[in-house]
Structures are given as structure tokens and as C-alpha cells.
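Beneath this line is the structure, given in C-alpha cells, with notes to follow.
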Amino acid sequence: MTEKGKKLYEGKAKILYETEDPNWLLVEFKDAATAFDGKKRGIIEGKGVHNNRLSAFFFAYLTRNGIPTHYVRQLSDREMLVRRLEIIKVEVVMRNVVAGSLAKRLGLPEGTVLDEPVLEHYYKSDELGDPMINQYHIRALRLATEEEMTEISRLAFRINDLLRAFLSPRNLDLIDFKLEFGRDEGKIVLGDEISPDTCRFWDTKSGERLDKDRFRRDLGGVEEAYQEVVRRVTGT
Ligand code: TMP
């Protein structure tokens, strides 16, 4: 039995609770959705259930393939048990195809395939709107050590390979995604979530967007897109 203890933190899409074990936290996934640093708000019916399911599934898959993650087990429809990490305030974005902010920044059309994956770093700060930073900022601000960042990059490229290999037979193109890492007894461990909130998934044949861009850009069929990703990924 895992008791839901004191609420530690409420974010835009998830709530973190303490449990009776100081090493474990309970994550509750919400239906609430935000975009553009919280300026756009809405509810995506069933999103919490879908993202919990998908994150649990991806974390288990990555764990089986040698990636350390914070995932312990799924507790209910919307709840998952995770290891408590010391959070590293760097968001890691991996891109295989140009989309979103990269298209804007470099003036490239969305859908342009990159010759090799591109890794980017952002400073995890809601107040600042997660500004882009580089390895020198990370070092100077003591956000992480050189050694830790080498390990984080290695894991991020490996995760990209593993996710693409899994998604491609399911007719999902992994365009880009965001990862967060933390420290667990000195070891670098993958945290946060892996879901259509934090990844771009495009249908391989039609190019249809099956992710949060449907909400960000008012494309309609938002709930259906999340459901479709669950169907393709988990086979149910
Ligand atoms: P971007 O193109 O807007 O920079 O987004 C890159 C990827 O990161 C995309 O898969 C969505 C994800 N992402 C988040 O998970 N959280 C965020 O706050 C943003 C802006 C993007």
C-alpha cells in the first residue's frame, strides 16, 4: 500500500505528493493543459490517464533497455510511484525533424529532416519561460557538472534511438521531445514524463500531428490524438 502524503508541489500538468517512504513520491497526472508559458489554458479530457499510461509504458521500456528512470510502478489510472530525485534545472530537447521553436528560430520549414539529431538545453524556470542556454551557462551557474552533462547527453541520444526504434513500426515519427533528469544517490536518472505533452509524434504516412500541438494550435481532435497514441503504443 502506498499512502498519498503531503502535497509537495503542483505543476501545470502534474501534482507531486510525498509517500510514507522518503525515497518515493507519488505523481498525479492532471487533465489540465497549458501552452505558451501558461498563457493558454484548457482541459484535455482523459489526458492525465493517457499520459500516466504512456509514461509508465515508455519508462518500463527504457528501463528494460538499460536507461535508469525514476519510475517505480503505476498505482492507479492517474497515479504513478517514482523515486525522489534531486532535480537538475536543465531541460533537454532532442530534435530529429524541424518543428516548433526551431522552425521559428532558424526560419526553416516544419518537417525538414535534420541530417543528425540536435540536442538543446533550456534553463528550467517557469518565471523566465525556460530560456535556451548552453553548456557554458550550465557550468557557470553550477546547474550540473561536466561529467553529469556528458552522461545526460549520452542517455538522451540513446533514448532517442530506443524511442524511434519502438515508434517507427507503429507508424509514429518522433519529431522531437523534452527530457528532464535528476540525481538519485549520485547517479543520473531520467525523470518527469514521456507523453504527447512532451513529445511531437507525427503519423508516418499522413504527417498528421498526434500530440499537444493539436491543443497549442487549435487543430481539433485533441483527445482523439492522445487516445490514438495510447492505442498504437500499448496496443489497447
Ligand atoms: P519547442 O519546439 O516548442 O521548443 O518544443 C520542443 C519539444 O519540447 C516538443 O516536443 C514539446 C516539448 N516541450 C515541452 O515538453 N515543454 C515545453 O514547455 C515546451 C515549450 C516544449
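Rule-based calculations on the coordinates, nothing more; no lab input. Because the structure is a prediction, the values reported are computed rather than measured. Note: ideal-geometry Cβ built from the backbone for every residue, glycine included; neighbour counts use all protein chains shown.
Details
- Mean separation of Cα contacts under 8 Å, 6 or more apart, over the residue count of the chain: relative contact order %: 17 percent
- Gyration tensor verdict on the range 109-161 (Cα atoms; rounded if a/c is under 1.5, prolate if a/b is larger than b/c, oblate otherwise): oblate
- Highest-fluctuation residue, HIS137, HIS121, HIS70 considered, GNM on the chain with Cα pairs under 10 Å: HIS137
- Given LYS89/LYS205; LYS6/LYS178; LYS12/LYS104; LYS39/LYS187; LYS12/LYS187; LYS6/LYS124, the pairs whose alpha carbons are separated by over 31 Å: LYS89/LYS205; LYS39/LYS187
- Top positive-direction residue, dipole computed over the chain with Cβ charges, set ILE67, LEU210, MET132: LEU210
- The range 128-199: C-alpha gyration tensor shape, a/c 1.5 cut-off, then a/b vs b/c: prolate
- For the chain, the mean residue ellipticity at 222 nm estimated from helices alone is -9000 deg cm²/dmol, where every DSSP H run of n ≥ 4 contributes -39500 (n - 2.57) and the total is divided by all residues, rounded to the nearest 500.
- Cα shape, the chain, gyration tensor, a/c 1.5 rule: rounded
- Whole-Å distance, taken between Cα centres, linking the range 80-100 and the range 186-216: 11 Å
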